[in-house]
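Quick one: the structure is below, questions incoming.
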Amino acid sequence: MPLAKRWRELDRGTVARAPERWAVYELGTDGELLEIGVGVLRDELKTALTYGDAEQVRWETCQSREGAEELAAEHRERAGLD
C-alpha cells in the first residue's frame, strides 16, 4: 500500500522545500514505486537526486526515527519490497 500522498517531481526545488525531519519516503518513476526509504528527509532526497534514477517522490513525516522505521517496514511488506 503506497503512502496516501501525491507524487512530486524529484528536483532541486522539492529538495529545498522538504522538511529536515524524520520521514518515510517513496521514490518512483512514472507513478511506479521503486524504493521505500527512511531518514532525515532533506538529506535523503539530496542523495536520491544526486545518485538515484527516480523522478518522483512522496513522503510522510514522523515524530521519531523509530516511528519512521516502523511505518517504512509496514509499507515495504505491503508493497512486496522486503
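The values are calculated or read from the model by the stated rules, or taken from the named source; none is laboratory data. Note that this is a predicted model, so its numbers are computed, not measured. Here the Cβ is made from the backbone with ideal geometry for all residues, glycine too, and neighbour counts use every protein chain on show. Accessible surface is based on the protein model in full, side chains and every heavy atom, while ligands, DNA and RNA are left aside. Shrake-Rupley method; radii C 1.70, N 1.55, O 1.52, S 1.80 Å.
Could you give the radius of gyration (one decimal) and Dmax (whole number) of the Cα atoms in the chain, in Å?
Using the Cα atoms of the chain, the pair Rg, Dmax is 11.5, 31 Å.
How high is the relative contact order of the chain, in percent, counting Cα pairs under 8 Å that sit 6 or more residues apart?
Relative contact order here is 39 percent.
How large is the charge dipole for region 1-62, taken about the Cα centre, if only the Cβ atoms of Lys, Arg (+1) and Asp, Glu (-1) carry charge, to the nearest 20 debye?
So the dipole magnitude of region 1-62 works out to roughly 360 debye.
Averaged per residue, what accessible area in Å² does the chain show with a 1.4 Å probe, protein chains only?
Normalised by residue count, the accessible surface of the chain is 63 Å².
State the percentage of accessible surface on the chain attributable to carbon and sulfur atoms; use a 1.4 Å probe and exclude ligands, DNA and RNA.
Carbon and sulfur atoms account for 43 percent of the accessible area of the chain.
Please list, in order along region 59-70, the HN-Hα scalar couplings obtained from phi with the Karplus expression 6.51 cos²θ - 1.76 cosθ + 1.60 (θ = phi - 60°), rounded to whole Hz, x for Gly and Pro.
So the J values, rounded to whole Hz, are 8, 9, 6, 9, 6, 8, 4, 4, x, 5, 5, 5.
Please go through region 6-56 and write out the GluC sites (Glu not before Pro) that DSSP classes as loop and that have at most 10 other C-beta atoms within 10 Å.
Those satisfying the criteria are GLU20.
Using only DSSP helix segments of four residues or longer, with each worth -39500 (n - 2.57), what per-residue ellipticity at 222 nm results for the chain after dividing by its residue count and rounding to 500?
After summing the helix terms and dividing by the residues of the chain, the value is -11500 deg cm²/dmol.
I'd like the Karplus ³J(HN,Hα) series for region 31-46: coefficients 6.51, -1.76, 1.60, θ = phi - 60°, whole numbers in Hz, and an x wherever there's a Gly or Pro.
Listing the rounded values in order: x, 9, 6, 9, 7, 10, x, 9, x, 6, 3, 4, 5, 5, 5, 4 Hz.
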